1. Go ahead and run the numbers for FRET between residue 169 and residue 104, Cβ-Cβ distance against an R0 of 35 Å, rounding to 0.05.
2. Where in the stretch 102-133 does the label zone of residue 220 land, with the point 7 angstrom along Cα→C-beta and an amide N cut-off under 18 Å?
3. Sort the stretch 156-240 into rounded, prolate or oblate with this rule: let a ≥ b ≥ c be the square roots of the eigenvalues of the Cα gyration tensor; rounded if a/c is under 1.5, and if a/c is not under 1.5, prolate when a/b is larger than b/c, oblate otherwise.
4. Can you tell me the relative contact order of the stretch 161-237? Whole percent, Cα pairs under 8 Å, sequence separation 6 or more.
5. Hey, fewest Cβ within 10 Å first, where do 228, 154, 240 land in order?
6. Compute the length gained on full extension between residue 119 and residue 138: take 0.36 nm times their separation in residues and subtract their Cα-Cα distance, giving the result in nm to one decimal.
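What follows draws every value from the coordinates through simple rules; no lab data is involved. In this text the structure is predicted, and so the values were computed from the model without any measurement. Here Cβ is always computed from backbone atoms with ideal geometry, including for glycine, and neighbour counts include all displayed protein chains.
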């Protein structure tokens, strides 16, 4: 029986033995890292699809990352043309490369690297985690465990601003539920949701530490005591 060619993965891309040889040869000839070569390949795909062509002119397949780009766009509720989705992922992965360079791709700085990616994107996109796993030589399962263990990380898109409505005892008796209804009406989202522009994420909390002001809504680190609907609209409009 003929044995199939061995395959490996790089940044989530499944490579055949032939493709591995191509990648290694490109790396030797260009003095670029494998990550840089794949980013250049994705850039080529972006240009190729923008011309209305269908099949990529690359010996090295990039289909897996291409699929990740489309899933990434869908997660952000930004269903885009293929070249736009891939182009955005190239830019995002370029930002991840700069974060990795900042920490000299040190495995011991993994949590700080993820924090920087979280701060930059307001969540941890799957393509970014795939890239970090490959570049640091850290198992995907380990990164996923960290991303799900710490509450500061999110695997789903969140807004640039966190809106929190207190439903603790003091705020409850002073009209916290009514304030929540007003906030939901203004933002047009429910607790646990993010608006389509990825501007605000809404949640409820048991205490914000300012019971005397209750009922209270917080936007990031700013606190507002029982604002009216009109005041809420002005507050929302003041955040970019």
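1. Values: r = 49 Å, r/R0 = 1.40.
Calculated value: 0.10.
2. Zone members listed by number: 116-123.
3. Numbers: a/c = 1.74, a/b = 1.51, b/c = 1.15.
Prolate shape, in that a/c is at least 1.5 and a/b is the bigger ratio.
4. Values: 124 pairs, mean separation 31.2, N = 77.
About 40 percent, as a whole number.
5. Values: 228 10, 154 17, 240 6.
Lowest to highest Cβ neighbour count: 240, 228, 154.
6. On the way: separation 19, 0.36 × 19 = 6.84 nm, distance 2.11 nm.
Here the segment from residue 119 to residue 138 would lengthen by 4.7 nm.
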